[in-house]
Amino acid sequence: MTSVPIEDHALLSDQRASALVTREGDIDWLCLPRFDSAALFCSLLGEDEHGHWSLRIADGEVVSRRYLPGTMVLETVWRSPTGTAAVTELMPIGDGGRPRSQGGEDLAGTAPTALPFGAASLVGDVDDKADLVRSVTCLEGEVHVVQQLAIRFDYGQTVPWVRRGDDAGGDKVLIAVAGGDGIALHGPALTAHGRMHRGEHRLRADETAAWVLTWFPSWQGVPGAVDVEDVLQRTVAEWTGWLGQIRVQEEYSQPVARSLLVLRALTHRRTGGIIAAATTSLPEDIGGVRNWDYRFCWLRDAALSLEALLAHGHVDAASTWRDWLLRAIAGDPERLQIMYSITGDRNLPERELAHLPGYADSVPVRVGNGAADQYQADVVGEVMIALGAMREAGLEESEWSWPLQRALVRYTEARIDQPDQGIWEMRGDPAFFTHGRVMVWATFDRAVHAVERHGLAAAPDELERWRRHRDQVREEVLSRGVGADGAFTQTYGSAEVDASLLQIPHTGFLPADDPRMLATVARIEQDLRTEEGLILRYRTQGQDGLPGDEHPFLVCCFWLVEQYAAAGRVDDAEKLLDQLLTCANDLDLLAEEYDGSAGRMIGNFPQAFSHLGLIRAVDALALARS
């Protein structure tokens with residue numbers, strides 16, 4: 001099956017749900033009303049029949065596309081033999097002038113109800129409506145707008161009942177319903193052609209036509225249309241107001257700004273949960289089985305993302321995520337998971353969608369993620385480091401946040417001698433991963449630091465245990481996690497190396513110029529660097545436990561930039577960073593991996609890990625230059 005290159009896509013987000021749009025105007029992935037909802041446009045992982053919405057200018061070509069500055073609002077300019085048009089696409093933040101519901105209550109304007117741990121009310125604008133706007137303006141001459149729409153619920157499995165009816169404002173609208181899902185399409189009418197709808201509309205200079213696709217619960221009345229101009233202005237203001245000023249060197253300001261916006265776009269606006277990526281099952285190995293669902297909230301990914309956001313002044317994101325974390329593990333921190341849903345739900349069963357042929361014939365297509373049941377020793381350390389960074393940024397502990405951290409330390413104490421699956425979610429046998437053991441050290445180190453530096457409460461015997469564990473784990477790592485060549489190893493007793501070891505200086509365990517780190521970098525350069533100069537996570541022949549191979553992992557490459565900069569190899573850091581920036585697409589978006597030999601993106605997209613790695617790499621280089 002021929003698939004549109006991953007890098008041809010743009011991301012749309014309203015900070016609750018997301019869509020992917022190809023360069024040629026096809027929305028081939030759309031999940032509403034949440035990031036992890038069952039997709040209603042799913043041709044990214046199948047065929048047009050599995051749901052999509054194409055909007056093109058007849059006989060035209062795309063001459064440019066961009067996000068409006070400081071936003072996630074996409075603008076694409078088309079040129080045809082008869083004219084030029086601009087297509088503006090967005091997922092609005094807020095309702096923007098929509099008529100009130102039949103009961104007279106404006107749900108989008110409802111004030112959040114105070115709940116424990118700072119939770120916002122999950123009624124109203126979380127799950128009641130979600131919109132996607134596509135507006136076409138003819139800039140000169142005359143253009144012919146051509147559309148095709150196939151709505152398929154539940155990942156392309158369900159063909160809805162479609163009719164024309166009235167919305168809450170009395171306007172005629174295309175309505176599609178299946179089970180609990182409803183879709184309303186406002187705008188110039190499309191007509192039925194078999195199991196799809198098509199439309200052709202001519203626009204002359206200065207004329208505009210807009211279509212708004214709205215998700216709503218099927219048992220509620222059909223909502224009225226939004227005011228397109230109003231939601232555009234409000235959405236632009238929301239994005240630009242949040243971003244603020246980016247204080248880095250001019251040469252890197254655009255990719256850093258875009259990366260911050262992507263992290264925001266992958267953060268649920270009301271719950272504070274940060275998803276790892278907007279997609280599922282985009283393969284790490286084209287045609288292979290390494291296809292995973294990343295639309296969940298990994299504690300590790302979110303913690304590292306927050307450190308990047310904090311470094312650029314976004315304390316608000318840290319506060320809402322801390323509240324999300326408290327809710328997610330509330331009541332039973334001894335059953336801590338490495339990931340949760342956007343709302344903090346624990347049950348994320350992994351299943352396969354056999355009806356989908358997969359991206360570029362890569363099967364199985366999976367939803368849910370079985371790794372949620374793994375023990376990964378590094379996760380608590382990552383969280384403790386992030387929570388420590390929040391304290392350093394001036395965010396005061398809440399009534400529950402320090403007791404939560406003490407519970408996380410107890411969780412780590414209870415498993416201090418337990419092997420794990422590692423940061424990369426190995427599906428082979430558990431082992432003592434050196435990176436994970438360093439993060440166990442970081443758990444105790446940050447807990448001790450919180451008491452000694454910030455005066456947080458701990459019983460004397462509790463603090464003494466933390467100190468003892470910290471010192472014992474450090475001695476263990478230095479004696480069992482270092483090979484004969486002086487380099488850290490992937491696991492105790494292994495001869496393999498792992499790019500996660502590049503994170504050791506970030507924890508404060510050792511400085512970047514320590515001889516053991518320099519030896520580790522030399523091994524990584526020798527064993528994990530590809531011919532194109534990018535870095536693999538590890539060699540898959542070891543602990544991996546899966547068939548097939550994979551490509552360089554972009555966050556690992558950014559970690560190497562960070563290590564180079566911190567160790568004084570500034571020229572090498574600059575060279576690698578500049579190379580990595582060419583791995584982004586024309587919109588400065590990054591996937592999980594990059595195939596340097598083929599010059600294409602691989603894996604789920606866009607990937608929070610890759611973007612937070614870019615931000616940290618730029619910050620490290622700036623520090624090294626100062």
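The values are calculated or read from the model by the stated rules, or taken from the named source; none is laboratory data. Small disclaimer: the values here were computed from a predicted structure and weren't measured. Glycine also receives a Cβ, built like all others from the backbone with ideal geometry; neighbour counts cover every protein chain displayed.
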Would you call GLU397 within 19 Å of ALA302 (Cα to Cα), in a loop (DSSP other than H, G, I, E, B), under 22 Å from the mean Cα position of the chain (by Cα) and charged (D, E, K, R)? no
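Looking only at the stretch 356-384, count how many residues are of a type in the set (Asp, Glu) and within 19 Å of the chain's Cα centre (by Cα). Can you show your working first?
Step one: of the stretch 356-384, the residues of a type in the set (Asp, Glu) are 361, 373, 378, 382.
Imposing the further condition that a residue be within 19 Å of the chain's Cα centre (by Cα) reduces the set to 382.
The qualifying residues number 1.
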All conditions in (1) at pLDDT below 95; (2) more than 30 Å from VAL367 (Cβ to Cβ); (3) not aliphatic (A, V, I, L, M) are true of ARG234 except (1)
Looking across the stretch 318-359 at residues that are more than 21 Å from SER18 (Cβ to Cβ) and of a type in the set (Gly, Ala, Ser), the single one that is surrounded by the most Cβ atoms within 10 Å (Cβ to Cβ) is ALA318
Taking the stretch 253-307 and keeping residues in contact (Cβ under 8 Å) with a residue 12 or more places away in the chain and of a type in the set (Ser, Thr, Tyr) leaves SER259, THR267, THR271, THR279, THR280, SER281, TYR294, SER305
The lone condition ALA86 fails out of (1) more than 24 Å from the chain's Cα centre (by Cα); (2) under 21 Å from VAL262 (Cα atoms) is (2)
How many residues of the stretch 71-88 are touching a Ser or Thr at 6+ places or on another chain (Cβ under 6 Å) and surrounded by fewer than 19 Cβ atoms within 10 Å (Cβ to Cβ)? The answer is 4
Exception for ALA442 within (1) part of a helix (DSSP H, G or I); (2) surrounded by fewer than 22 Cβ atoms within 10 Å (Cβ to Cβ); (3) touching a residue at least 40 places away in the same chain (Cβ under 8 Å) falls at (2)
Apart from one, (1) more than 35 Å from the chain's Cα centre (by Cα); (2) surrounded by 20 or more Cβ atoms within 10 Å (Cβ to Cβ) all hold for GLY165; the odd one out is (2)
Counting only residues that are in contact (Cβ under 8 Å) with a residue 40 or more places away in the chain and touching a helix residue (DSSP H, G or I) at 6+ places or on another chain (Cβ under 7 Å), the stretch 144-171 contains a total of 3
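Here is a check on your reading of the model: is GLN233 in a helix (DSSP H, G or I), more than 30 Å from LEU348 (Cα to Cα) and out of contact with any Lys or Arg (no Cβ under 7 Å at 6 or more places or on another chain)?
Values: in a helix (DSSP H, G or I): yes; more than 30 Å from LEU348 (Cα to Cα): yes; out of contact with any Lys or Arg (no Cβ under 7 Å at 6 or more places or on another chain): yes.
For GLN233, the condition - in a helix (DSSP H, G or I), more than 30 Å from LEU348 (Cα to Cα) and out of contact with any Lys or Arg (no Cβ under 7 Å at 6 or more places or on another chain) - is met.
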Across (1) under 27 Å from the mean Cα position of the chain (by Cα); (2) within 23 Å of GLU397 (Cα to Cα), ARG467 clears everything bar (1)
In the set LEU356, LEU348, LEU304, the lone residue that is in a loop (DSSP other than H, G, I, E, B), closer than 20 Å to ASP420 by Cβ and not polar (S, T, N, Q) is LEU348
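Based on what the data block shows, is TYR375 within 29 Å of ALA431 (Cβ to Cβ), assigned by TED's automatic domain parsing to the domain that holds ALA278, touching a Pro at 6+ places or on another chain (Cβ under 9 Å) and at pLDDT 90 or above? Before the answer, list the steps.
On the way: within 29 Å of ALA431 (Cβ to Cβ): yes; assigned by TED's automatic domain parsing to the domain that holds ALA278: yes; touching a Pro at 6+ places or on another chain (Cβ under 9 Å): yes; at pLDDT 90 or above: yes.
Yes, satisfied.
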TODO: Kindly indicate whether TYR340 is touching a residue at least 24 places away in the same chain (Cβ under 8 Å) and under 20 Å from the mean Cα position of the chain (by Cα).
DONE: yes
When the stretch 565-619 is checked residue by residue, the ones that are in a loop (DSSP other than H, G, I, E, B), of a type outside the set (A, V, I, L, M, F, W, C) and without any contact (Cβ under 8 Å) to a residue 12 or more places away in the chain are ARG569, THR582, GLY599
It is to be established whether one or more residues within the stretch 163-178 are farther than 20 Å from SER218 by Cα and either in the same structural domain as ASP26 (by TED's automatic domain parsing) or in contact with a Lys or Arg (Cβ under 8 Å, 6 or more places away or on another chain) (or both).
no
Of those in the stretch 360-372 that are in contact with a strand residue (DSSP E or B) (Cβ under 8 Å, 6 or more places away or on another chain) and part of a helix (DSSP H, G or I), the residue surrounded by the most Cβ atoms within 10 Å (Cβ to Cβ) is ALA371
Quick count over the stretch 376-412, residues being within 27 Å of LEU501 (Cβ to Cβ), without any contact (Cβ under 8 Å) to a residue 60 or more places away in the chain and buried (at least 17 other Cβ atoms within 10 Å of the Cβ), is 3
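Just need a number here: residues in the stretch 271-296 that are part of a loop (DSSP other than H, G, I, E, B), under 30 Å from ASP323 (Cα atoms) and touching a Pro at 6+ places or on another chain (Cβ under 7 Å).
Within the stretch 271-296, the first condition is being part of a loop (DSSP other than H, G, I, E, B), and the residues that meet it are 271-273, 275-276, 278-279, 281-292, 294-296.
Now restrict to residues that are under 30 Å from ASP323 (Cα atoms): 271-273, 275-276, 278-279, 281, 292, 294-296.
Right, trim to touching a Pro at 6+ places or on another chain (Cβ under 7 Å) and you get 278.
Residues that pass the stated criteria total 1.
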Only one of (1) among the hydroxyl-bearing types (Ser, Thr, Tyr); (2) in a helix (DSSP H, G or I); (3) modelled with pLDDT of 90 or more does not apply to THR320, and that is (3)
